[in-house]
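A short worksheet on the structure shown next.
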Amino acid sequence: MSTSAGTGTVTLARRAGFARDLSSVALRALRLTARDKESVIPGLFIPLFFLVVNIGSLQSFVEGNLPPGFDFKGFQLPVSVIFAVTGVSRAGSLVIDIQDGYLDRLLLTPVNRVTLLLGLMVADLVVVTVLGVPVVILGLLIGVSFETGLVGMIVFILIGTAWGVAFTGFPYAIALTTGNPIAVNNAFLLFFPFAFLTTAYVPQGQLTGWLAAVADWNPVTYLLAGMRALVLEGWDWTAIGRAFLAAVLVGVVSFYLAFASLRGRVRKG
């Protein structure tokens, strides 16, 4: 678009539109992820490693102290998926964009501000979906079978994806607020209370005291219950619905913090 000012002509940047801005940010994030595989692969190796180690070290003990027929392999598979997808985000890359001034330069353009963060989250959705697949394949290879079949496997991965994307708001909020890579790297520590104050290793009925009370309020408890139902029980729609609801509630909180931090960054810019 051009406008005349006296004898000169001023050219104004033209808005590309929400969809174009969103796809541009998401595709750039995916390209950077493909180039930076070492930031993703170790995060996948750890849950695969612990799936094998936990089964090898705890299966006989746990199954020996629970009613006959308890499948510890199927019980542990959801834990590994949750570990694989939690904390996976482009928040580290966002910090680099903040530090080298790329984000500030973007803010000088007419790009839709929401897409600067939403596009990264779209890329995260693709990545965490892909990360869930190798964990499920390993589970099948070691003898886990899904009571709900192939469709249940897909829903199983979707629950993991929903949680992975829901959690991304926390590292993005930290990245936008601090611009500090160390703070972003430590964001995963937020997950430890979610991970271990829950039914990670034994059924909820085996928890006692304060841990049982905390697990009742832990959203990961309901994620694991929904995912385990797909593996061990069948189409328990109540458990599955609660799993998705837990992810949504965490996402509401984390996304609010992330977009509030984005607004603060935009005002500073």
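Results, tabulated for the structure shown:
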quantity	calculated
Residue within segment 131-146 that is out of contact with any His (no Cβ under 6 Å at 6 or more places or on another chain), surrounded by fewer than 17 Cβ atoms within 10 Å (Cβ to Cβ) and among the hydroxyl-bearing types (S, T, Y) present	yes
Helices (runs of 4 or more DSSP H) (entirely within segment 204-269) containing at least 1 residues that are touching a residue at least 24 places away in the same chain (Cβ under 8 Å) and among the β-branched types (V, I, T)	219-228, 237-268
Checklist (1) on the phi > 0 side of the Ramachandran plot; (2) touching a helix residue (DSSP H, G or I) at 6+ places or on another chain (Cβ under 9 Å) applied to M227, failing item	(1)
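Here's the yes/no breakdown for (1) surrounded by 11 or more Cβ atoms within 10 Å (Cβ to Cβ); (2) not in a helix (DSSP H, G or I):
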residue: P42; (1), (2): no, no
residue: P47; (1), (2): yes, no
residue: F50; (1), (2): yes, no
residue: V53; (1), (2): no, no
residue: L58; (1), (2): yes, no
residue: P68; (1), (2): no, yes
residue: K73; (1), (2): yes, no
residue: V79; (1), (2): yes, no
residue: F83; (1), (2): yes, no
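Bear in mind these aren't lab numbers, they're just calculated from the coordinates by the rules spelled out. It should be emphasised that the depicted structure is a prediction, and the values quoted were computed from it without experimental measurement. Ideal geometry is used to build each Cβ from the backbone, glycine not excepted, and the neighbour counts take in all protein chains shown.
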